[in-house]
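Right, one structure below, let's go through it.
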Amino acid sequence: MPNNPTAFARCYCCAICRNLSCPPCLRHCAASICTWPPRVLQPKSKGTLALAVGGRNPYAPAHRTPSVFAAMRLAGGLLCLLQIAVVTAVDCPDPTVAGFTFYKGKDGLGGEDNSFLGMKTPDEMAAACLDTPGCKGFSGGFLIKSLPPPPWLEASPGNACAGLYVRNGVQYDDTCHTFVNKLGGCTACSSAKGCTRCPAGSFLLPVPTGRRSSRRTCCPNQCITCDLYGRCIDFSQASPLLSTSRFPRFDKIRAESVSLAQHLLLFQLDYQYDDVLSSRPENYTWEEGMDPLVRIDDWVNRFYTTVFFLASVVNSPEWEAELARLHVAMEAAQLKILQDPRYQAHLQHFQSLAAAADATGAVQGAGLIGRLTTAQKRVLELRLRDAKLAGGDLNDAQKRTLQALNSEVATAGFAFAQNVLHSSTVWQKLVTEKADVEGLPQTALELAAQQARQRANISTASAGSGPWLITLDQASSYPVLAYAKSRALREAVFRARYSQSTASFMGGKYDNTGNILQILEGRRNASRLLGFPTYAHFSMQTKMATLSTANALEEALRKHFLAAHRRDVAVLAAYAKSKGFNQMLQMWDQEYFLQALKAEKYRFSVEELGPYLSLDTGLKAVFATAERLFGAKFVAADGEHPVWHPDVRFFKVFFSGKIKGYLYIDPYFRPGQKNAGAWTTPLVQQSRLFARPGEAVRPPIVTIAYNFPQPAGGKPSLLSWDDMQAVLFHEMGHALQMLLTTQTEAEVAGVGGIEQDAVEFASQFMENWPLRDPATLKLLTHYRTGQPIPQRLVDGLLASSTFMNSFKGVMQLYLGQSDLAVHAATPPKTARELQALDWAVVERNFALLPPKDSFQRLHAFTHIFAANSGYAAGYYGYMWSKVMAADAFAAFQDAGLGNASAVKALGERFRSTVLGLGGSLPAGEVYRRFRGRDADMAALLRDVIRPWKGLHQPFALAG
């Protein structure tokens, strides 16, 4: 293992491969088999040079080498041949004291200090070593210092292995001269005595193709990488993010865990893809040609999803720094693969073989061993689509341009999300006068007093005497808009909420204008490079709708909702006037008078309903509904696995008496640490590949993050009615689709592979049950007495289920249309142009116009501008999915919600189609399998904007 800087610098072939996260360089150089040239520099025809050094090493991983090294091919190869003797003769430090650390490099990637050697030349590496205190040399891009050995530098067990050490699965003796090349799965040493097998939970990639059958015995499914000779490389101790435990080690993962895990995983991603794409066996099987890619993708996705999720629920400056860097690195890694012409060729070859096998009816033939399943064909289709949308058909210069554009958009999107998070935290209003909080429910007062104690450090704050701290968190701000009698307080909260992250908000410190303009410009330029006139056209490639059909649906719904909205505004204004309100009705007045009118009409108040809406009661109701409809049983298992916060709940999910999946629920808001809103995340999808002994599949693991009020005043978390049906039940719909999937290919299990405008179908379907089903409502019980909700309240909730829903409808339509408008138009250059685009949509959708200076919703619209949100030019999908959800629920209504057997049968059909099939088929086909026809908007128009009899005349509904 040559650690002498001078000798190492002379072996240019090793120096070229050394920037690839270390393992291959260490293997080749230390073994004195530095194969030249690296695979990407392999000449079209093998020449004498390649033959002279043993030809093309079939095990050597391929890597992208910077063009600056291209001119050194011949000279480097010759130097390598000449220097082999020199390299092998150089002593290195005793590995018992040689630890490894990163040194800051030019490309700013990763490492101990968030940096990596990257593009440094060998001479620069040598100079860096000499300038680094404690440096004893360098190897494979690492500087070696006298530090405690890292976890993966392990002494071999047993007396027979004394003096031998393992580095990335390769063994060296104490003088670093001996390279152990023993096959057969020996992990620790070269002799049978003291030899240890592949340790349980080792981190390894199983055999990519049939030509490495000797590796299969060493590499179990739960591992992710092994060396060239079939031995495991155990990285699980290097970072808890690389743990092969089925459940993430949330108790161990910290922001500093990210960097090393990223480097090791992205190296394996590159290595594994190249290994598969560089070979073309005579006969293909899915297990040989696709499973290796799916395996490493699954590990990388699990890593990235875990990091992204944790950064959204335990945010800190350290997590923000890691996430900002990670976004760019992951974007680049994904594009590199998707743009590789070998990748598309590989997928297309599979498709052609599958088509030939289908055409001939052969179970074996045409080069494909085994017919592909419908789900596997869908996986190929989706991967090819994504490759084309990532620029797989572009030339090299265009690919580089696209990479740069996507990187800029990702960076701006991350900055956008961070501005929203911080701006929602910094705005606070301390209320000291009791008259200003008159009308607020007791739970809201208790929460506001708790906020004053925790965030304003006012230890004497109480619900009865104050002071009360109001923030922009939904749990804090919504009760003010809905119940506070103080119009001035309502106005202050409204203006802050809808001007969040603008130039006028908090001195412009969190202004997102620049980020929005950069994102829109970058998306437009990237779309044109790919052949689409606008980003809106590009986005529709992953949707059910086309741009014209999406706009047509929005326009059709807009006409009906706006007509209802005009009538509802007139009714609300008349009601307000009857209560002595003689001013012009404004947006900060509408929710206040709407709730007052609703309580008066249906004879129940929020204070009366509140005790029946505790979080525990809601969870019991949604779990019972899932069991009644779909046969899913949720069992609390708190404490069985680590969690990221003490408030987090853990549940096992059973179906037909067998484990079906696992669910984490993070219920409460945490100011400054947790993103706003609610979201459901699959940490791992169901998969046959990662099944353990006795299992058919690996069960899915799902998280739901809510932002419900924290328990306060000795009471549990009490939800609003909107929280109960539109948040708690909504997110559980997403979770059920992930948990109850029947697919065994992870890429189309759960919500994987589903068109983006159909993703909200299952979630909005679940919203209907507390809204319209008497049996579900009767599950709600008083948090203190345990008594079921009175029938009078059930009747009132059912009767008011569609009361003035035009207010919500026009807001959703405005958001969807504004999203499409800014992504279909020429990108604005200034804040004024951006507001003009948005305001034109506002005027078309609202009968009650907001104040123009304070209504700039786009600046905090994380769904379409935050990095990786997935809803850009697709927010209309909420309404598209809502049409499907209303029509699907209408099937249950038509069968009779009181008809238990009919409901059970329909629930089973919904489970086996909508929830079970996931993305294995196009969403339209899945819907037809459930309903027998396409979705009809008549149910949505009937159930959502039905006029309230007695206040205005019914109007004609279009079918």
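The values are calculated or read from the model by the stated rules, or taken from the named source; none is laboratory data. For clarity, every value in this text was computed on a predicted model and none was experimentally measured. Cβ atoms come from the backbone with ideal geometry, glycine included; neighbour counts cover every protein chain shown. Surface accessibility is based on the protein's heavy atoms, side chains included, excluding ligands, DNA and RNA. Shrake-Rupley method; radii C 1.70, N 1.55, O 1.52, S 1.80 Å.
Near the amide H of Phe708, within less than 5 Å, lie the amide hydrogens of Tyr668, Phe669, all on another chain or at least 5 residues away, with H placed in the peptide plane. Legend: P(r) of the stretch 593-681 from all alpha carbon pair distances, 5 Å bins from 0, whole percents, reading 3, 10, 15, 17, 17, 14, 10, 8, 4, 1. Each semi-axis of the equivalent ellipsoid for the stretch 729-887 is √(5λ) with λ an eigenvalue of the Cα gyration tensor; in descending order they amount to 34, 24, 13 Å.
Only protein heavy atoms count here; under a 1.4 Å probe, Asp436 has an accessible surface of about 60 Å². Contact order, relative form, for the stretch 438-557: 14 percent (alpha carbon pairs under 8 Å, 6 or more residues apart, mean separation divided by residue count). In straight-distance terms, cross-link reach from Lys579 covers every one of the aspartates and glutamates whose alpha-carbon lies under 20 Å from its own, apart from those fewer than eight places away in the same chain; here that gives Asp436, Glu438, Glu491, Asp568, Asp589, Glu591, Glu600.
Give the calculated FRET efficiency between Thr742 and Gln541 to the nearest 0.05, with a Förster radius of 41 Å applied to their Cβ-Cβ distance. FRET efficiency, Thr742 to Gln541: 0.95. Counting charges near Asp722 (Lys, Arg +1; Asp, Glu -1) among other residues having Cβ under 14 Å from its Cβ returns a value of -2. For the stretch 409-535, the fraction of C-alpha pairs more than 20 angstrom apart is 53%. For the pair Lys509 and Thr432, label points projected 7 Å from Cα toward Cβ lie 2.2 nm apart.
Between Phe581 and Glu608, what is the FRET efficiency for a Förster distance of 25 Å, r being their Cβ-Cβ separation, to the nearest 0.05?
Working: r = 24 Å, r/R0 = 0.97.
My answer for the efficiency is 0.55.
Between the alpha-carbon centers of the stretch 563-579 and the stretch 687-720, tell me the distance in whole angstrom. So the two Cα centres are separated by 42 Å. Computed over the stretch 529-628, the quotient of the alpha carbon radius of gyration and 2.2 N^0.38 Å is 1.71. Applied to the stretch 425-433, the Karplus parametrisation 6.51 cos²θ - 1.76 cosθ + 1.60 on θ = phi - 60° returns per-residue 3J(HN,Hα) values of 8, 6, 6, 9, 10, 8, 9, 10, 8 Hz, with x for Gly and Pro. A Förster radius of 35 Å combined with the Cβ-Cβ distance from Lys808 to Thr830 puts the calculated FRET efficiency at roughly 0.65.
Taking label positions 7 Å along the Cα-Cβ direction at both Ser912 and Arg453, the computed distance is 5.4 nm, reported to one decimal. Using only the Cα atoms of the stretch 387-442, build the gyration tensor, take square roots of its eigenvalues as a ≥ b ≥ c, and label the shape rounded, prolate or oblate: rounded if a/c is under 1.5, else prolate if a/b is larger than b/c, else oblate. Prolate.
Summarising the label geometry, the points placed 7 Å from Cα in the beta-carbon direction at Gln442 and Trp839 lie 4.7 nm from one another. Using bins of 10 Å that start at zero, the share of Cα-Cα pairs per bin across the stretch 675-821 amounts to 10, 29, 31, 21, 8, 0, in whole %. Measuring between alpha carbons in the structure, the pairs from Lys598/Lys633; Lys577/Lys882; Lys509/Lys715; Lys429/Lys577; Lys674/Lys882 lying more than 32 angstrom apart are Lys598/Lys633; Lys577/Lys882; Lys509/Lys715. Temperature 20 °C, viscosity 1.002 mPa s: under these conditions the Stokes-Einstein estimate for the stretch 859-905, based on its Kirkwood radius over C-alpha pairs, is 164 µm² per second. For the stretch 727-832, relative contact order (Cα pairs under 8 Å, six or more residues apart, normalised by length) works out to 18 percent.
Residues whose amide H lies under 5 Å from that of Glu755, counting only those 5 or more places away or on a different chain, are Ala923; hydrogens are built 1.01 Å from N in the peptide plane. Ordering 257-265, 380-388, 419-427, 642-650 by mean Cβ neighbour count within 10 Å, with the highest value first, yields 257-265, 419-427, 380-388, 642-650. Among 727-736, 538-547, sorting by the average number of other beta carbon atoms lying within 10 angstrom of each residue, highest first, gives 727-736, 538-547.
Projection of the Cα convex hull of the stretch 723-774, averaged over all directions and equal to a quarter of that hull's surface, yields 3.8 nm².
Cα centroid separation, the stretch 831-897 to the stretch 486-517: 19 Å.
Relative to the compact-globule scaling 2.2 N^0.38 Å, provide the ratio for the alpha-carbon radius of gyration of the stretch 410-456. Mind showing how you got there, number by number?
Numbers: Rg = 15.2 Å, N = 47, 2.2 N^0.38 = 9.5 Å.
Compared with the compact-globule rule of thumb, the stretch 410-456 sits at 1.60.
Residues whose amide H lies under 5 Å from that of Val702, counting only those 5 or more places away or on a different chain, are Tyr662, Leu663, Tyr664, Leu683; hydrogens are built 1.01 Å from N in the peptide plane.
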